[in-house]
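Scroll down for the structure; my scribbles are underneath it.
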Amino acid sequence: MSEVSRRAFLCAGAGSFSACKTIPSSATAAARDARYNVEDQVAFGGQTRRLKLTNNDRCIASLIFATDYPTHFRLKPELYPVCTPQGIPVTDSHQFCFIHHQSIMTGHGKVRLDGSDRDVDFYRQLPYPDDQREDKFHKSHNLFHMGPSGIQRITSARWDITNQITLKLTVEWQSREKKSEGGQPLIIEQRRYDIFQRGELTIIDQFSQLVPATKPLTLKADRHSFVGVRVHDLIDPDEGGVMRDSERRINPDGDYWDKQGERKAPKWIDCAGKIGNNVVGIAMFGHPGNVRNEFYCRGWGLMICSATLGHDVRVSHDQPFHFAARFVAHDGELTHAEADNLYQQFGARPREIGN
């Protein structure tokens, strides 16, 4: 039997999906006649939960709640899948490399509470410490000694449906104690998603406000931060897709947070490719009102925007941490001018979360 490449196999499956589904000739008409809905789905006796978001019965996205129950284990809530108006998913989760990359996600890898000597990870899925186990992949640290990762528990979820879907979440960033189901809340986050479709675009605007649950804290500079997206495997640069940014770089890779030069921070990054016969993609935008927008991207399909990749951020009750980002899933190519316009429109929105 001849060897079939991983990409060819996945493309064949996606192509079959595209061929069997009905795609409207005009996504604009679908946006004009939008009929949004939120379905609250609780499975397996309450073991896991998600909010399924639809427009005219077609999936836009789903918000999956975090849980550390073994059969549904995820420590960060995520929006997964995220679909274009034609219904094509453009994000991925728990891929073959880096399972902590969860579609559209939020987290931070080094949270230091005042008076503590330990950084709590709210990004990866670090296990409980095993002092006897070696980490052959890292010289400066041992991932088996750094856990456990904390969990972002959604303690309140409300939504409104108008000409968009608005999700309003209260998220407790809790430590995970080995001998107790409960954990110590370190951060209280108010998070809002505004989600709507216009023409060939699915637009998700995220607004977050972090305050300490008790003591002031520091979000220490770390690459694992703050909002990000893992694109669908079929459209990442390693599999033939193209990543580009506002500075006209093609397939940028690594850190971009300088004010000028080769590593100048972009306004946005877009990743697009083909799924079956369809050109689709997803772009990520920082809000110009953020304290700063530092970007990190990799060829396996990760795009991150943060204020804390290279700088610490102090968080207290008097100085909450605000951050906003926009994600745009698109059918067809997103032109440079269109992306710039989406950035300007987003920048005109207040960064603060509001009521």
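The values are calculated or read from the model by the stated rules, or taken from the named source; none is laboratory data. What you are looking at is a predicted structure, and each value in this text was computed from that prediction instead of being measured. Because the Cβ atoms are built from the backbone with ideal geometry, glycine has one as well, and the counts that use them run over all protein chains shown.
Tabulated values for the structure
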item	result
Wholly enclosed strands (runs of 3 or more DSSP E) of region 172-222 bearing at least 3 residues of a type outside the set (S, T, Y)	185-198, 201-212
Given (1) at pLDDT 95 or above; (2) under 15 Å from V90 (Cβ atoms), number of the condition P237 does not satisfy	(1)
When residues of region 257-288 are limited to those that are touching a residue at least 24 places away in the same chain (Cβ under 8 Å), small (G, A, S) and assigned to a loop (DSSP other than H, G, I, E, B), the one farthest from P85 (Cα to Cα)	A265
Inter-residue pairs, beta-carbon under 6 Å, first within 12 Å of I161 (Cβ to Cβ) and in region 36-49, second among the charged types (D, E, K, R) and not in a helix (DSSP H, G or I), 6+ apart	E39/K52
Single unsatisfied condition, G310 versus (1) over 22 Å from K264 (Cβ atoms); (2) surrounded by fewer than 17 Cβ atoms within 10 Å (Cβ to Cβ)	(1)
Checklist (1) touching a Leu at 6+ places or on another chain (Cβ under 9 Å); (2) modelled with pLDDT of 95 or more; (3) surrounded by fewer than 19 Cβ atoms within 10 Å (Cβ to Cβ); (4) small (G, A, S) applied to G199, failing item	(1)
Leading residue by the ranking (farthest from M303 (Cα to Cα)) among those in region 239-256 that are touching a residue at least 12 places away in the same chain (Cβ under 8 Å) and among the aliphatic types (A, V, I, L, M)	V242
Scan of region 231-253 for residues that are assigned to a loop (DSSP other than H, G, I, E, B) and of a type outside the set (D, E), ordered by number	H232, G240, G241, S246, R248, R249, N251, P252
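Each row is one residue, and each column tells you yes or no for (1) outside any strand (DSSP E or B); (2) surrounded by fewer than 18 Cβ atoms within 10 Å (Cβ to Cβ).
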{"residue": "D255", "(1), (2)": "no, yes"}
{"residue": "M303", "(1), (2)": "no, no"}
{"residue": "Q319", "(1), (2)": "yes, yes"}
{"residue": "A324", "(1), (2)": "no, no"}
{"residue": "F346", "(1), (2)": "yes, no"}
{"residue": "P350", "(1), (2)": "yes, yes"}
